[in-house]
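Report on one structure; see the data block that follows.
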Amino acid sequence: MADASYITVTTYLRFEFTPEFVRRPYLIYVDADVLVRGDLTDPLGSLGPYETGAVRDEFNPSVGECPALPGAAERWPHLRGRPYFNAGALWTHTAHMPRIRRGVEQALVHARRHILHNDQDALNLWLLRSGHVRPVAAGLNRFEVGRFLERGNWVRRVVTRPPKSDPSAALVHFVGPEKPWQADCPVTEDVVEYRLHLERTLRHVRRLGAVDVEPAGVR
């Protein structure tokens, strides 16, 4: 692990999925810290047989112009300005997953000095090398930035859109160490919506007989 103490090695498990495990022709992967508001299947219609669909990262949009992949643009100047993608939502054919795993493993072995954001940097190194990426609309992986604005103003200098809730987003991603299920997380509009959905889900789970599922700080 290169950065971010709140991330563990389990983040690499997304690359351990196999076609036998998924048992479907396509995989739509999303991180645990997301709020899904709409249909996420649209990218599958334009996905090539060896492509991975991903959304450009809002905090690290371009190689060599952000902290991600440190030193990569200097080592390979042709990569400067190329899109850098967030790994919190991915679309792919299940048959393609073994290639993704091999690509990530090769990046970890041969380009570790360029990895800051762990598995996400490893994935981007492979996507840059292979070219097998399909850019997906921003609304399918929109960062929730209100929590950061509660702590400081830096996010206004980073994102290129109005730093407020996006009601049209099909997926809201709570990136960073503060998660909406934590009691000390700033209570933004998106956090309130997430907690409402979480409480409804917990009620359904309790009815099924699972009583030990209450996240700390959420009532």
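The values are calculated or read from the model by the stated rules, or taken from the named source; none is laboratory data. Being a predicted model, the structure only gives us computed values, none of them experimental. A quick note on method: Cβ atoms are made from the backbone with ideal geometry, for glycine too, and the neighbour counts reach across all protein chains shown. The area values use the complete protein model at the heavy-atom level, side chains included, leaving out ligands, DNA and RNA. Shrake-Rupley method; radii C 1.70, N 1.55, O 1.52, S 1.80 Å.
For this structure, a couple of remarks:
- Being open to solvent by less than 20 Å² (accessible area, probe 1.4 Å), of a type in the set (Asp, Glu) and out of contact with any Lys or Arg (no Cβ under 6 Å at 6 or more places or on another chain) is true of residue 144.
- Scanning region 130-168 for residues that are assigned to a helix (DSSP H, G or I) and over 18 Å from the mean Cα position of the chain (by Cα) yields a count of 4.
- If you go through region 174-198 and keep only what is without any contact (Cβ under 8 Å) to a residue 40 or more places away in the chain, surrounded by 13 or more Cβ atoms within 10 Å (Cβ to Cβ) and in a helix (DSSP H, G or I), you end up with 195, 198.
- Those strands (runs of 3 or more DSSP E) lying entirely in region 1-65 with at least 1 residues among the small types (Gly, Ala, Ser): 52-56
- The single residue among 171, 90, 123, 127 that is open to solvent by 10 Å² or more (accessible area, probe 1.4 Å), within 18 Å of the chain's Cα centre (by Cα) and within 23 Å of residue 13 (Cβ to Cβ) turns out to be 90.
- Positions within region 154-167 being closer than 19 Å to residue 185 by Cβ and either out of contact with any strand residue (DSSP E or B) (no Cβ under 7 Å at 6 or more places or on another chain) or of a type in the set (Lys, Arg) (or both), in sequence order: 154, 155, 163, 164, 165
Here's the yes/no breakdown for (1) at pLDDT below 95; (2) over 27 Å from residue 104 (Cα atoms); (3) touching a Pro at 6+ places or on another chain (Cβ under 8 Å):
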residue	(1), (2), (3)
149	yes, yes, yes
156	yes, yes, yes
162	yes, yes, no
167	yes, yes, no
170	no, yes, no
